[in-house]
Structures are given as structure tokens and as C-alpha cells.
Amino acid sequence: MPIRQIKSWQWILLAIALLVALDWAIRRPDARSRELNDIIATQASEQLRGYPYQFQVLRVEGDTAVMSTPRNFDAPAFRMLGVLYPNINVKDPNNPEFIAVERLLGQMQDEAKNIVLTQPGIKSVRWELDRDWLRRQGIEVFER
């Protein structure tokens, strides 16, 4: 098809496809991050493997692994736990069920972190809020 016969909607479709490919290339983890994510997957306990949120290494900056997390001050744990466990009253911080799932979240995050910290060349972990995952779950994320 000669270029003259390409319709404007086809150009728009091509531009969107290129933008999606560029976004994927930018967000794609580097080789070291992929390696660390594979190690998390193979060394994780059954409980961590089955947990509804999968902690990931997003990138490595020097000797620091930047990992994803579904909680911080912008997105408190009760929001995501309310989505993952809709039958639990997460608005009551004294609710034993809420305390249990909040503690489990912390344990799973610690396990993923500890797996990464045992790897050569990694001395620390910095957490970064996983805004994309939260949005996919329908959780509003407040920007500072």
C-alpha cells in the first residue's frame, strides 16, 4: 500500500503502537532486575508465591535494589488489603482479621526483601509504590 493511501486513523493506530512499544521498552526491567526477580520466584516460600501481590525488583541502582510495594504513605495498607480481602473490616485497626492480613503483608514484603538482600552486590532495598498495580485494582493513588 503506497504511503499516500494510508488513512489518518491508520497513522494514529501506528503511533499508538509505537508509543506502547516505547513504554514497554522503558519499563522493561534490566537483566540484573530480571535475574533478581527469577531468584525471588525460585526461592520464595509457597506462601509468598501464592500471595496476591508479587513483589518485584524494578531496577538496580548501584548496590540498591529498588522493589515494588503496594503500600506507603500515599497508599496505606488498608486500601489494598480492603480490595484483596473484601470480607475483612479494614477500617477498624483493632480488628484481629485486619491485624493478621496486615502482618502477613509485612511478612511477605520482608521475605521478598531478604531474598534480594542475600544476593551478591545488593546491600540495600528501597521501596517504590506500585502505582500501576494499585490503579489496576481500582485503588486511588494520591499524588504529593
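Derivation of every value follows stated rules applied to the coordinates shown; laboratory data play no part. Fair warning: this is a prediction, and the values are worked out from it, not measured in the lab. Glycine gets a Cβ as well: all are built from the backbone with ideal geometry, and neighbour counts include every protein chain shown.
Scanning region 99-144 for residues being farther than 14 Å from SER45 by Cβ, of a type in the set (A, V, I, L, M) and over 13 Å from the mean Cα position of the chain (by Cα) gives a total of 10.
Report, by residue number, each residue of region 60-77 that is of a type in the set (Asp, Glu) and closer than 28 Å to VAL90 by Cα.
ASP74
Consider ALA100 carefully, then state whether it is farther than 18 Å from LEU134 by Cα, surrounded by fewer than 19 Cβ atoms within 10 Å (Cβ to Cβ) and among the aliphatic types (A, V, I, L, M). Yes.
To keep it simple, each residue is scored yes or no on (1) under 30 Å from PHE142 (Cβ atoms); (2) among the aliphatic types (A, V, I, L, M); (3) more than 15 Å from the chain's Cα centre (by Cα).
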{"position": "ALA15", "(1), (2), (3)": "no, yes, yes"}
{"position": "ASP30", "(1), (2), (3)": "yes, no, yes"}
{"position": "VAL66", "(1), (2), (3)": "yes, yes, no"}
{"position": "PHE73", "(1), (2), (3)": "yes, no, yes"}
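Residues in region 92-139 that are under 16 Å from ASN72 (Cα atoms), among the charged types (D, E, K, R) and without any contact (Cβ under 8 Å) to a residue 60 or more places away in the chain: 7 in all.
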